[in-house]
Structures are given as structure tokens and as C-alpha cells.
1. Out of the residues in the stretch 201-220 that are of a type outside the set (S, T, N, Q) and free of Cβ contacts under 8 Å to residues at least 12 places away in the same chain, which is nearest to R360 (Cα to Cα)?
2. Of everything in the stretch 34-84 that's buried (at least 16 other Cβ atoms within 10 Å of the Cβ) and of a type in the set (S, T, Y), which residue is farthest from the chain's Cα centre (by Cα)?
3. Would you pick out the residues in the stretch 354-368 that are touching an Asp or Glu at 6+ places or on another chain (Cβ under 8 Å) and not in a strand (DSSP E or B)?
4. Kindly evaluate I12 against the criterion of being open to solvent by less than 60 Å² (accessible area, probe 1.4 Å) and either at pLDDT 50 or above or of a type in the set (V, I, T) (or both).
5. For A258, indicate whether it is open to solvent by 40 Å² or more (accessible area, probe 1.4 Å), under 19 Å from K320 (Cα atoms) and aliphatic (A, V, I, L, M).
6. Looking at the stretch 221-249 only, could you name the residues that are at pLDDT below 90, under 32 Å from the mean Cα position of the chain (by Cα) and open to solvent by 80 Å² or more (accessible area, probe 1.4 Å)?
7. Being open to solvent by less than 10 Å² (accessible area, probe 1.4 Å), within 21 Å of S235 (Cβ to Cβ) and not in a helix (DSSP H, G or I) is the filter here, so list the residues in the stretch 297-353 that pass it.
8. Check every one of the strands (runs of 3 or more DSSP E) wholly within the stretch 221-291 and list those with 2 or more residues that are closer than 26 Å to E401 by Cβ and touching a residue at least 24 places away in the same chain (Cβ under 8 Å).
Amino acid sequence: MKLASSFSKAAIFALSVLLLLSCEKKDNESIQKVIEGVLLDVTHADLIPGETISLKPSLLPFNETIQEAISADSTIKDMIFWRSDNSKVAVVDENGLVTAQGVGSCYISFICGTFVAKCRVNVCMFKKEVLYGLWNIDNTQDTYFFGFDENGYENDERFFGWSFDGMRLSVTYKNSPVGQIDKKLVITSVHASYINFYYSDDKDRQSVKMKRIPKEFTTEYLQPGVVQKTGLGDSLINVVDMGLPSGTMWAYTNLGAATPDQDGQRFAWAETTAKDSYSLENYIYYDKNSLELTKYVDDQITEMLPEDDPASVIFGEDWKTPSKVQVNELFDNCHVLYSVVSGKEGFVFVPKNEDYSDRRLFMPFSLTSETLKNNNYSQNIPYSKYGFFWTSTMSAVDAFEAYSLCINMDESSTYLYKGTGTTRRVYGLCIRPVYKSKN
């Protein structure tokens, strides 16, 4: 009996020790049971390159911060990780500090054991120039007019001031206390004819569309800076000195137009007479028998020759169709404003050079469904608000093409496009001549 009793007591003691040990905390196991999830205080962030945001995680269900959890159980620290799925867009350090690197989108993940919380980071950067012009907020009568200079260059008269950091547009009205921002618009995407944004105080980030609308001008308003130059014979042609570095001056109107809002005549590239319709078959430099071009097929010829340049033939040797270089010079040294003159939509060029800031050069949208039909253009592209004008420069890749000055308001474009692109030489496009120099 005593032996049995002693064995029983020993067994009971051993069992008690085992039970006690089994109830002792096992770090990984207890955390898995206690933690039901993780949260981040921010789940979507819009940043510009170089900007930072600090993400703060917490543990569920008791909404305990990570610092509080670690102070209670230091082993939790070994279970915590931060990760970016695209370090070219944004990076994150061990404390949750996110730094935007480049344009794009990525996810920043906070990981604790088997639990993950994510924040989507969108990094954008838009040039201030995208705001130049008139904008109407979709479904409202609220219209903004933005210029480039925060101190009032062509600004909406209601504004005390505004600023733009590449994503956030901050507007302060004149009737507000100095320094108080009435509205902050966070731009999410920019298109040729509209901008998507949301108001910064909107937690739901409801997307609002800001549509580009034309600024109306009269032909009289476009007169400042116009000078007259001699054309063919004793004829006088108006040109606009835009203060360009090269001294090149641009004609006030298209070739064959009386006023800036008119399209004027159309020419196939390097043809000196206008036609009713344009096709490969009636292009003077196309041989129907060999199916080859007969001129401007030599790599040594990169520019339209004077005898084939309509501007030179009609106005004289001091005039020419602008080269690709001259077109790019105009774009590089001017702001571009979507405008309407005498009912004709197009673009007004405004010099960046302050000494010439009163000068204006208007180019109309010159392509319509009718002109495309006359060009035998078969592609289904919305050309209702496009302007194409010939340059004198050949394509370096395809002998059948030459460069054209392009401006458009196509809603499918990501940005308001202005630049040069190649166009088939046989098409009939307008020409805006240039005068070689103001000297």
C-alpha cells in the first residue's frame, strides 16, 4: 500500500508538471491564436516622386499598435516584415516609411506572421502646363481658368492664388483669409480633353471629371505683334514675331487663307498646286507603272526643295514650309491654349518669353470627316478636333512619308498631343508658312 501510494503521488506530480508545461505560452502558437488580423491606417496613397508617407499598422481584434504588442512580447518583432512589390515606384523601410521613387502603382505590404495588410501607392507627376486653359467641372457650372504663374498670369480673377505640386492642385479664393486653402483637388489622370480628380477631403475618393473648354478670342485680339512682310510681287503678308531664338517668324494665316480661323488651301507634300482630292494615284511623284516614287527617295535629300515648296513658290524665296526643327522650336518656346476664334476651334500659341507675352498665334483644327474623305483616309479615327500641317522635313524611315505639325484634342489620347509625326506624302494638308528671319 505504501509503495502504491508513493507511486500514485509521483504520477500525480509528474502529470501536474506536464499539464503546467503544456499550458505555458509557446510564442508562435499563442500569437497565431490571439492575433486575428492586421490593419493599416492608410490603404491608398497618391504621391509624387520623392514624397513620403508613414504607414501605421495595428493588430486585431484589440486594435493594439505594433509597438505596444512588441513591448508585451518581444518575439513579435521577428514576425514583422514590410515589403514593396515594385521598388521602382516606391520603397518602404522597417518603420513603415514609404518613399515614392517613380511614376506608377505598387502595393506596400505589412506582414505579421500569416496576416497581411496592403496599401496601394499611386505615384504620378504632371507638368504644370496641363492646367493651362479653361476647365469646367463635370455636371456643374463651376469653371476654372488656370495660368502658369501663381501670381496671376492669365489666372481666374476669383483666385487669391493657386499652387500645383504635380498632383495636388490647391486653390485659394480672394474672399478667403490669406493662406487658407478653399479647395484641394487631387489629380489622378490627365487626358487631352479632360482631367480626372477627387477632392482631398472626400474619404470615398469619388472621381470627378474636369473638362477642357475652349477660350474664345476675336481676330482683333490676335493682332498684337503682327508685322507685315513682302510676299510675291508687292503683296504684303502678316507675320507674328513670337520671340523665338532663331528669329523665325510665323505667318498669321495658313497658306491660301485670309484670316487665322480659315483652313486655306491643301497640298500634297512637295506639290505646289491644290487639288480637289488626294490619292497615291494622282500624286505627281508616283509612277503607276513601277509603283515607285520618282522624287525624294534619296537618303541625301531630307528637306523639301524650294522649287517644290508651295510657300516659296507662291510668296518668294524668303518664305518656306516650316521644318521639323522650326516646329519643335515653336512648341518648346510657347504655351498652348485650346481656343476658338470666330467659331473655329484650334490652338493659340502664347510665347514663354515675357518680352513677347502679348503675342498670339492661332492654328485651327484643320481635319474633318470631309477632308479625310478627300484624302481617301480609310482608318476609323475620331478626327473632329485634329490639326495637321505639313513640315518641309522628310521621314528618315519611310520615303512615302514626311513630318507634319500635329495638334489634337482626341479623347483617346493620354495627353494633349502637340508635336511632330509622320504622315503619308500623298495626303492633302494645310501649310502654315514661316518667314526665314526677322533680321
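The values are calculated or read from the model by the stated rules, or taken from the named source; none is laboratory data. Please read these numbers as outputs of a predicted model, since none were measured by experiment. Ideal geometry is used to build each Cβ from the backbone, glycine not excepted, and the neighbour counts take in all protein chains shown. Remember, those area values only see protein heavy atoms, side chains included, never the ligands or the DNA or RNA. Shrake-Rupley method; radii C 1.70, N 1.55, O 1.52, S 1.80 Å.
1. Within the stretch 201-220, the subset of a type outside the set (S, T, N, Q) is 201-205, 208-217, 220.
Now narrow it down to the ones that are free of Cβ contacts under 8 Å to residues at least 12 places away in the same chain: 202-204, 220.
Working: D202: 40, K203: 43, D204: 42, E220: 11 Å.
Step by step, filter the stretch 201-220, then rank; the result is E220.
2. Per the criteria, the residue is S58.
3. The initial filter retains those residues of the stretch 354-368 that are touching an Asp or Glu at 6+ places or on another chain (Cβ under 8 Å), namely 356, 359, 362, 364-366.
Y356, R359, F365, S366 - these are the residues of the stretch 354-368 that are touching an Asp or Glu at 6+ places or on another chain (Cβ under 8 Å) and not in a strand (DSSP E or B).
4. Values: open to solvent by less than 60 Å² (accessible area, probe 1.4 Å): no; either at pLDDT 50 or above or of a type in the set (V, I, T) (or both): yes.
The answer is no for I12.
5. Values: open to solvent by 40 Å² or more (accessible area, probe 1.4 Å): yes; under 19 Å from K320 (Cα atoms): yes; aliphatic (A, V, I, L, M): yes.
Yes, satisfied.
6. Across the stretch 221-249, the qualifying residues are Y221, Q223.
7. The initial filter retains those residues of the stretch 297-353 that are open to solvent by less than 10 Å² (accessible area, probe 1.4 Å), namely 309-311, 319, 321-322, 327, 330, 334, 337-339, 341, 346-351.
Next, from what is left, pick out any that are within 21 Å of S235 (Cβ to Cβ): 309-311, 319, 321-322.
Result: D309, W319, T321, P322.
8. Details: elements: 226-230, 236-240, 249-251.
Result: 249-251.
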